[in-house]
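Some notes on the structure that comes next.
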Amino acid sequence: MTGRLVLIGMMGAGKTTVGRAVAERLGWRYLDSDEQVQETTGLTVPAIFVEQGEAAFRAEEARALAEALSSEGSMVVSVAGGAVLDPGNRLLLSEAGTVVWLRAPVTTLSARVGAGAGRPLLGDDPATALARLYDQRRPLYEELADIVVDVEDLTPEEVVEEILRQLP
Ligand code: S3P
């Protein structure tokens, strides 16, 4: 059987940490859309934003996601926070397997991302930027999610357990 588990949610929700851990537990491959973009372009995410702009990043992101989701075998895919903005990505995600939204209130996300290092969209006022981005994206996460895990009071290990418990 081929299994697909896709993690969505805002920056700071823990997609990478939890994604790696859940993949290890299941013995599945782990893919991360940001990592894929960085591998293909040879640039870091902040460098792509600075040198080529957000639109170029989003195009790479869409390509990376399509490639990841079309590869063979069971896998866990962590999807960068903004990928859900693109309707084509949303279609791919809705057909990809079990989609898990790691949900957290904006205050928690804000505390976790701190000064926003390495996160070009947050600028010099990360809390305000996060709140604005979250308002825009929350309905999209909601629409896509098969499973919602409230991560606020959970350790990454507990989030992994909760995902495994709820997997169909
Ligand atoms: C972004 C999230 C980041 C990264 C980029 C843009 C976003 O990934 O792709 O900084 O628009 O929310 P993570 O969600 O993995 O932090």
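Against the conditions (1) surrounded by fewer than 16 Cβ atoms within 10 Å (Cβ to Cβ); (2) over 24 Å from Leu130 (Cα atoms); (3) modelled with pLDDT of 95 or more, Ser70 satisfies every one except (3). Of the residues Ala80, Ala64, the single one that is part of a loop (DSSP other than H, G, I, E, B) and within 12 Å of the ligand (Cβ to nearest atom) is Ala80.
Assessment of segment 93-105 against the conditions (within 11 Å of the ligand (Cβ to nearest atom) and either over 17 Å from Leu5 (Cα atoms) or under 15 Å from the mean Cα position of the chain (by Cα) (or both)) yields at least one matching residue.
For (1) without any contact (Cβ under 8 Å) to a residue 24 or more places away in the chain; (2) surrounded by fewer than 20 Cβ atoms within 10 Å (Cβ to Cβ); (3) assigned to a helix (DSSP H, G or I); (4) within 13 Å of the ligand (Cβ to nearest atom), each residue gets a yes or a no:
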site: Leu121; (1), (2), (3), (4): no, yes, yes, yes
site: Asp124; (1), (2), (3), (4): yes, yes, no, no
site: Gln136; (1), (2), (3), (4): no, yes, yes, yes
site: Tyr141; (1), (2), (3), (4): no, no, yes, yes
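Evaluated against (1) out of contact with any helix residue (DSSP H, G or I) (no Cβ under 6 Å at 6 or more places or on another chain); (2) surrounded by 17 or more Cβ atoms within 10 Å (Cβ to Cβ), Glu95 falls short on exactly one condition, (2).
The values are calculated or read from the model by the stated rules, or taken from the named source; none is laboratory data. Quick caveat: nothing in here was measured; it's all calculated off a predicted structure. All Cβ positions, even for glycine, are placed from backbone atoms using ideal geometry, and neighbour counts span all protein chains on display.
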